[in-house]
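Colleague: One structure is given below, represented as structure tokens, and several questions about it will come after.
Throughout, read-outs are computed from the coordinates displayed, never taken from laboratory work. From a predicted model like this one, the values you see are computed outputs, not experimental measurements. When we count neighbours, we look across all protein chains shown, and the Cβ atoms used for this are built from the backbone with ideal geometry, even at glycine.
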Amino acid sequence: MSYNHVNIMDVSFLNIEREKLYQEIIYPSLEKQGKQFFVTANPEIVMLANEEPSYKAIVKQADYVLPDGAGIVIGSKILGDPVVERIPGFEVMTHLIGYAEENALSCYFLGAHQEVIESFVARIKTLHPNLKIAGHHNGFFDLDDSSIVDHVKKSKPDLVFVALGSPRQEQWITKYYDQFDKGLFMGVGGSFDVVAGKVKRAPESWIKLNLEWLYRLLQQPFRWKRILKVFQFMIHVIIKKY
Ligand code: UDP
């Protein structure tokens, strides 16, 4: 089946309702033990893809790029081709963990600092006592270190969540993707830190007001350079429009 896409600065976003994404794209692939690579892209990722051709080539290898970040929703509106819904990687991950638990599918969690991944796994075990956890590993290793991928492969996971930040997480996935026979692969940025309680996700009211970026900036002021990217992205979009 072919789906609508929205092009923002040469990144082609899947334009779909979340429920349809699950029912028509993700669940059927998991059921038949297929392989899928998702990029959940926010404005920083779009900017990075435009600055780094090698990263753009990686993003283009994704089966689907999902619109994460209010900036993408706003940008698509400015360009006159709005995405129907924002689909944050964090929410897709938490939803799919629940689905995996119900359907006896296993998850591998790769990324974050050792203490974060440990608290993350402990929290997930409490929330999802029946989830099959194929394995986990912290995210501080050399991308060329093949012992990591060997560990993941041996555990035969159905879903692999990679939280190494961008571009590292997408680099890792594409570098080793061909070595896997099955699996859903998705880069999930700082999501493990949120579940582990190390970083707080913005309250729903802030998210609704499209102010998640401001909440993050207040929590992690050292990220100001990255927030600047969101503004650069908006300027690019506006220039392209007018
Ligand atoms: N991270 C990692 N290995 C690295 C660099 C970062 O595992 O070499 C982890 C970091 O600890 C955090 C996650 O990657 O858990 C994402 O970091 P960040 O918040 O920068 O990503 P974003 O959500 O903005 O993509």
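Colleague: At most 16 other C-beta atoms within 10 Å and a DSSP loop state: those are the exposed trypsin sites (Lys or Arg not before Pro) I care about. Give me the longest piece of the chain that has none.
Modeller: 33-181
Colleague: Separate question: If you take every residue apart from residue 78 with its C-beta less than 9 Å away from the C-beta of residue 78, what net charge results, scoring Lys and Arg +1 and Asp and Glu -1?
Modeller: +3
Colleague: Roughly how tilted is helix 114-127, in degrees to the nearest 10 and between 0 and 90, from the longest Cα axis of the chain?
Modeller: Long axis of 114-127 versus the principal axis of the chain: about 80 degrees.
Colleague: Right, next: Mind listing the Cα extents of the chain along all three principal axes, in Å, largest one first?
Modeller: Cα extents, longest axis first: 52, 42, 35 Å.
Colleague: A further question follows. Calculate for the chain the 222 nm mean residue ellipticity that helices alone would give, adding -39,500 (n - 2.57) per DSSP H run of length 4 or more and normalising by residue count, nearest 500 deg cm²/dmol. Please report the intermediate quantities before stating the final value.
Modeller: On the way: 12 runs with 113 residues, N = 242.
Calculated at 222 nm, the ellipticity per residue is -13500 deg cm²/dmol.
Colleague: Still on this model: Given the convex hull over the Cα atoms of the range 117-242, what projected area results after averaging over all orientations, in nm²?
Modeller: Averaged projected area of the range 117-242's Cα convex hull equals 10.3 nm².
Colleague: May I ask for the distance between the Cα centers of the range 145-192 and the range 74-129, given as a whole number of Å?
Modeller: Spelled out, the Cα-based centre of one part sits 14 Å from the other.
Colleague: Given Cβ point charges of +1 (Lys, Arg) and -1 (Asp, Glu) and nothing else, what value in debye, to the nearest 20, does the dipole of the range 95-152 about its Cα centre take?
Modeller: Here the size comes out at about 340 debye.
Colleague: Pairing the Cα long axis of helix 224-241 with the longest principal axis of the chain, what angle in degrees results, from 0 to 90 and rounded to the nearest 10?
Modeller: Once rounded, one gets 50 degrees.
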